[in-house]
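Contents: one structure, followed by commentary.
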């Protein structure tokens, strides 16, 4: 048994004029297929809404990033957008809304744990965005995306973090691209320390970009530590770049 969609409206801070749109956004094709009586039956699942919502989300994220970061180049904006529209980030948003509890599923999908499946939750979230767009227009969808997707906690290193962070999913790649644009040497990484027992080690990784930029960070894996170290230098370089831009 799924939760009543009306309680989801409270979490979305949006009340539908046409409640059928929200119901459809939460209806998986497995249930719609069970209830169809023939090939001519009307579509009543969320697949078309998911298709539309994906495009609306991409546009709104792009529009908002250009507004928020007017000095960023296309590569940096693309990196931020790639994370915000990624399945991992949207899955986190859907879980915080507890979208799975509201899905209307067919028997087979219900039995196979469909309420917790990542792809079903992401598709439903995109369908909800489309439903709000169709019900209340672009500004209503913009408010939802700004409040739930753009402001959601994100993590750049694969570990849980409930602070607001830059929407970059790979800081090593972002640092490399930024260094290249600033005509700096390629970042160099090295493990400078390991501590703790074999089953629970902590690694310290150092990153250097030329002679002037260097930093260290710790992590439970070398990969996490390297991402954190890269993030520190990336943010310093980006801040230095923005500080030297001419005033508007």
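The values are calculated or read from the model by the stated rules, or taken from the named source; none is laboratory data. Being a predicted model, the structure only gives us computed values, none of them experimental. Here the Cβ positions follow ideal geometry from the backbone for every residue, glycine too, while neighbour counts run over all protein chains shown.
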Just need a number here: residues in segment 72-95 that are touching a residue at least 40 places away in the same chain (Cβ under 8 Å), out of contact with any helix residue (DSSP H, G or I) (no Cβ under 6 Å at 6 or more places or on another chain) and more than 17 Å from residue 150 (Cβ to Cβ). 1
Among the helices (runs of 4 or more DSSP H) lying completely within segment 1-109, list those that include at least 3 residues that are modelled with pLDDT under 85 and crowded, with 18+ Cβ neighbours inside 10 Å. 29-35, 74-84
Would you be able to tell me the number of residues in segment 171-196 that are part of a helix (DSSP H, G or I) and in contact (Cβ under 8 Å) with a residue 24 or more places away in the chain? 9
Condition broken by residue 155, with the remaining ones in (1) modelled with pLDDT of 80 or more; (2) over 13 Å from residue 226 (Cβ atoms); (3) buried (at least 16 other Cβ atoms within 10 Å of the Cβ) satisfied: (1)
